[in-house]
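What follows is a set of notes on a single structure, which appears directly below.
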Amino acid sequence: MRQEEAGKVEEHEEVHHVTNWDLSTVADKLPPGGKLDLTKLGLGTTSMRIRVGRNLSAYPLPGAMSQKDRVNIENDMVGVFEKFMADPAMGGTYHSLTPGHKYSISDSKYQELIDHHLMFKDMAADPYLTSAGISSNWPYGRGCYVSEDREFIVWVGEEDHLRIMCMKKGTILNDVFTRLAGACDVVEANAGKFAHSPDYGYVTSCPTNLGTGMRASVHIKVPNLTAGGSDKKAKAIAKKYGLSVRGMGGEHTPIGADGTIDLSPSARLQIQEAEIVCALYQGIENLMSEEAKAAK
């Protein structure tokens, strides 16, 4: 290397992740009127789901937790959930997998919750989570809170301390996004501060979730892009638009026989929460356009 090259120092602008749930700050990315209305994209009632992964700053991340830590987090959260139970807007029931817990459920009830996509599956059966220490002490400290309308759910003790999610079958993405924003505020106010970095956003077990920890998705039918039962073409096209395609049951699951896929923006870091839900709306429009072209 030449002396003058060795002495060069490139200057880079410092970049920090920004957390922002305020849709009014991204008005330029919203349709007129501010509503992310799926009927304007030619869709009817659609399964919409937005979730975030969160860890409590008072405890180690799941891969480094002891059984006592896991049980203590669950008990802390039960105190929060019992407050929710008395709130008409968030009221529901907690279901614990911890043996002997006052809210423990039967094996049949656990399977019923899995079948209805309300509870996560046996983590001890996942070799990746096991190797990372995340599934240790299964099933202690694991459970889920489900609201009466089944549209607000909190998983306890999965890949992160908490997975907070809102879901709905409807046509306005704002409804799910706004409810989740409020739910996260309520959970943090009652459970304690979430682990958060000024540079990297919310701290999560999986590095791919750093930043927002958010995944916003919809189930849409793209039979032309999935002709023959393969999602290969849909994935290739979606990738061009910064989107991810999954099966109806999540990652590594099959698409629907009618061509239904789970579609979501891929970015988590260096993107704001408000931008993600707008990116989902734009992504649906782009993919539906590609679907129409594939029919010709």
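Couple of notes before you dig in:
- Relative frequency of Cα-Cα separations exceeding 23 Å in the stretch 34-186, percent: 39 percent
- Flagged links, alpha-carbon separation over 20 Å, of Lys169/Lys293; Lys35/Lys293; Lys40/Lys293; Lys168/Lys232; Lys35/Lys169: Lys169/Lys293; Lys35/Lys293; Lys168/Lys232
- Highest mean first, the peptides 20-27, 268-275 sorted by other C-beta atoms within 10 Å per residue fall in the order 268-275, 20-27.
- Stretching the chain fully between Lys232 and Ala189 yields a gain of 11.2 nm (0.36 nm per residue, less the alpha carbon separation).
- Relative packing of peptides 79-89, 154-164 - highest average C-beta neighbours within 10 Å first: 154-164, 79-89
- The chain - percent relative contact order, Cα under 8 Å, separation 6 or more: 25 percent
- As a ratio to 2.2 N^0.38 Å, the alpha-carbon radius of gyration computed for the chain takes the value 1.08.
- Positive-end ranking of Ala191, Pro31, Ile134 along the dipole of the chain, with charges on Cβ about the Cα centre, is headed by Pro31.
- Selection from Gly53, Ile73, His101, by position along the positive dipole direction of the stretch 25-154 (Cβ): Gly53
- With contacts taken as Cα pairs under 8 Å and at least 6 residues apart, the stretch 190-296 reaches a relative contact order of 29 percent.
- 19 Å reach of a label modelled at Thr178, 7 Å along Cα-to-Cβ, counting backbone N of the stretch 43-62: 45-51
- Each stretch of four or more DSSP H residues adds -39500 (n - 2.57); spread over every residue of the chain, this sum gives -9000 deg cm²/dmol at 222 nm.
- Using the Cβ-Cβ distance between His117 and Tyr200 with R0 set to 35 Å, the FRET efficiency from 1/(1 + (r/R0)^6) comes to roughly 0.70.
- Inter-site label distance for Ala257 and Ala64 at 7 Å from Cα along Cβ, in nm: 4.9 nm
- Sorting the segments 130-141, 203-214 by their mean number of nearby beta carbons within 10 angstrom, highest to lowest, gives 203-214, 130-141.
- Rounded Å value of the spacing that divides the Cα centres of the stretch 53-124 and the stretch 126-147: 10 Å
Taken together, the values in this text are just the output of simple stated rules run on the coordinates, not laboratory data. Bear in mind that the values here come from a model prediction, so they are computed numbers and not experimental data. In this analysis, Cβ positions are derived from the backbone assuming ideal geometry, glycine residues included, and neighbour counts consider all displayed protein chains.
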